[in-house]
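**Student:** Just passing along the structure, written as structure tokens.
The values are calculated or read from the model by the stated rules, or taken from the named source; none is laboratory data. Predicted model only: the values in this text are computed from it and were never measured. Don't worry about glycine lacking a Cβ; one is built from the backbone with ideal geometry, like all the others, and counts go over all protein chains shown. The protein model used for the area step is the full one, side chains on, heavy atoms only, and it has no ligands, DNA or RNA in it. Shrake-Rupley method; radii C 1.70, N 1.55, O 1.52, S 1.80 Å.
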Amino acid sequence: MKYSDFEVRKVKEADIRLFISGANETKRAQDIKCPFCGAEKKFRVLHGGKYNYARCWVCNEGFSGPLEAYAHLQGLDIKRDYVRCIEGVASMAGIVITPEETIRKEKIKEEKT
């Protein structure tokens, strides 16, 4: 499956707080327990405006966006399982995405009618 840049961008902009255990979806910025090193209130989760990432102040581990968080949560390799990550984030975030091939087939059907 291949998705358009527009579809992928929608998924990359999904709220990272949906994919981090312990994150509060109503708080723009918050410090929670780090899922990597276990440090209390040192894992900064930030969502809002141009920010959508999470990083630990102690071990410096984190996620640059929802795709990385989902891959970690599911035990996937983001490079090898990229499409699966795109589809998983979209599903969990309630984002409808359509493969380019499906869009092409629908346009062909419309042109024939």
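**Student:** Kindly provide the set of residues from segment 90-99 that are assigned to a helix (DSSP H, G or I) and touching a residue at least 60 places away in the same chain (Cβ under 8 Å), ordered by number.
**Tutor:** Matches in segment 90-99: ALA90, MET92, ALA93.
**Student:** So which residues in segment 30-65 are surrounded by fewer than 17 Cβ atoms within 10 Å (Cβ to Cβ), among the small types (Gly, Ala, Ser) and under 23 Å from LYS10 (Cβ atoms), if there are any at all?
**Tutor:** GLY48, GLY49, SER64 - these are the residues of segment 30-65 that are surrounded by fewer than 17 Cβ atoms within 10 Å (Cβ to Cβ), among the small types (Gly, Ala, Ser) and under 23 Å from LYS10 (Cβ atoms).
**Student:** Give the number of residues within segment 82-105 that are open to solvent by 100 Å² or more (accessible area, probe 1.4 Å) and at pLDDT below 90.
**Tutor:** Going through segment 82-105 one residue at a time, the tally reaches 3.
**Student:** Further, regarding this structure: Checking the conditions here, which among ILE78, ILE103 is within 20 Å of ASP5 (Cα to Cα), part of a loop (DSSP other than H, G, I, E, B) and among the aliphatic types (A, V, I, L, M)?
**Tutor:** Testing whether each residue is within 20 Å of ASP5 (Cα to Cα), part of a loop (DSSP other than H, G, I, E, B) and among the aliphatic types (A, V, I, L, M) leaves just ILE78.
**Student:** If you don't mind, another one. Given (1) β-branched (Val, Ile, Thr); (2) out of contact with any Pro (no Cβ under 7 Å at 6 or more places or on another chain); (3) in contact (Cβ under 8 Å) with a residue 12 or more places away in the chain, where does THR102 come up short, assuming only one miss?
**Tutor:** (3)
**Student:** Does at least one position in segment 4-15 carry a residue that is modelled with pLDDT under 95, open to solvent by less than 30 Å² (accessible area, probe 1.4 Å) and part of a strand (DSSP E or B)?
**Tutor:** Scanning segment 4-15 turns up no residue that is modelled with pLDDT under 95, open to solvent by less than 30 Å² (accessible area, probe 1.4 Å) and part of a strand (DSSP E or B).
Every residue, every condition in (1) among the aliphatic types (A, V, I, L, M); (2) under 16 Å from LEU18 (Cα atoms), yes or no:
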{"site": "PRO35", "(1), (2)": "no, yes"}
{"site": "GLY38", "(1), (2)": "no, no"}
{"site": "GLY48", "(1), (2)": "no, yes"}
{"site": "TYR53", "(1), (2)": "no, yes"}
{"site": "TRP57", "(1), (2)": "no, no"}
{"site": "GLU61", "(1), (2)": "no, no"}
{"site": "SER64", "(1), (2)": "no, yes"}
{"site": "GLU68", "(1), (2)": "no, yes"}
{"site": "ILE78", "(1), (2)": "yes, no"}
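**Student:** Please indicate, with yes or no, whether at least one residue in segment 54-72 is within 30 Å of ILE103 (Cα to Cα), charged (D, E, K, R) and modelled with pLDDT of 95 or more.
**Tutor:** yes
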